[in-house]
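Engineer: Take this structure first; my questions come after.
The values are calculated or read from the model by the stated rules, or taken from the named source; none is laboratory data. Please read these numbers as outputs of a predicted model, since none were measured by experiment. Cβ atoms come from the backbone with ideal geometry, glycine included; neighbour counts cover every protein chain shown. Note: accessible area is taken over every heavy atom of the protein model, side chains too, but ligands, DNA and RNA are not part of it. Shrake-Rupley method; radii C 1.70, N 1.55, O 1.52, S 1.80 Å.
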Amino acid sequence: GKEEISYGTGIEAASCAPSVVVAGFMKSASSFLFHALTKHPNVLPALRGAQHKETRCYHYDSTKPLSLLDRAWCFPFVEAEEQFVSVDGTVSYDVDQFAPAMLKEDNPNMKTIFVVRNPVERLYSNFKFSYNTYAKF
């Protein structure tokens, strides 16, 4: 049978896990979608991470896993009766084998928006980004 993964964090009781995760691939318009979502007055961005988007709070690192307290500081505390949702825009959760289980444990009702793009267009966009960013050195 399938073995359940449990980290015993208890963060689900603290109500500070993300409600929505924007996952996918680089250069697939995930930043555009994330910022469009967070313009809504009831959508709260993360409290830390690059541009308050990519927290990486659910990337598992066996040398230093994030504790309950560490992960609790990633997202705003939302009371159950409040009409707010928090968003994590860490696109690289798709390649982390532990992230989905940890996210589900912390918020079983979490929704995922998986952002994809035509691979040729994504490759060209990544090339332009890398060329424009690193060619000046």
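Engineer: For the range 74-90, name all the residues that are assigned to a loop (DSSP other than H, G, I, E, B) and buried (at least 20 other Cβ atoms within 10 Å of the Cβ). Give the steps one after another, and end with the answer.
Structural biologist: Our first condition is that a residue be assigned to a loop (DSSP other than H, G, I, E, B); within the range 74-90, this holds for 74-84, 89-90.
Hits for the range 74-90 are 74, 75, 89, 90.
Engineer: Would you please list the contacts, defined by Cβ atoms under 6 Å and residues six or more apart or on different chains, that run from a residue in the range 95-118 that is closer than 23 Å to residue 27 by Cβ to a residue that is open to solvent by less than 40 Å² (accessible area, probe 1.4 Å) and in a helix (DSSP H, G or I)?
Structural biologist: Pairs found: 99/93; 115/30.
Engineer: Follow-up. When the range 49-73 is examined, which residues are found to be at pLDDT 85 or above and open to solvent by 90 Å² or more (accessible area, probe 1.4 Å)?
Structural biologist: 56
Engineer: In this structure, is residue 40 at pLDDT below 85, assigned to a loop (DSSP other than H, G, I, E, B) and open to solvent by 20 Å² or more (accessible area, probe 1.4 Å)?
Structural biologist: Considered against the rule, which asks whether it is at pLDDT below 85, assigned to a loop (DSSP other than H, G, I, E, B) and open to solvent by 20 Å² or more (accessible area, probe 1.4 Å), residue 40 comes out as no.
Engineer: Regarding residue 109, is this residue more than 15 Å from the chain's Cα centre (by Cα) and not in a strand (DSSP E or B)?
Structural biologist: Considered against the rule, which asks whether it is more than 15 Å from the chain's Cα centre (by Cα) and not in a strand (DSSP E or B), residue 109 comes out as no.
Engineer: If you don't mind, another one. How about the range 112-137: which of its residues are of a type outside the set (Asp, Glu), modelled with pLDDT of 85 or more and under 18 Å from residue 32 (Cβ atoms)?
Structural biologist: 112, 113, 114, 115, 124
Engineer: Still on this structure: Pick out the one residue from 124, 93 that is open to solvent by 100 Å² or more (accessible area, probe 1.4 Å) and part of a helix (DSSP H, G or I).
Structural biologist: Exactly one residue qualifies, and that residue is 124.
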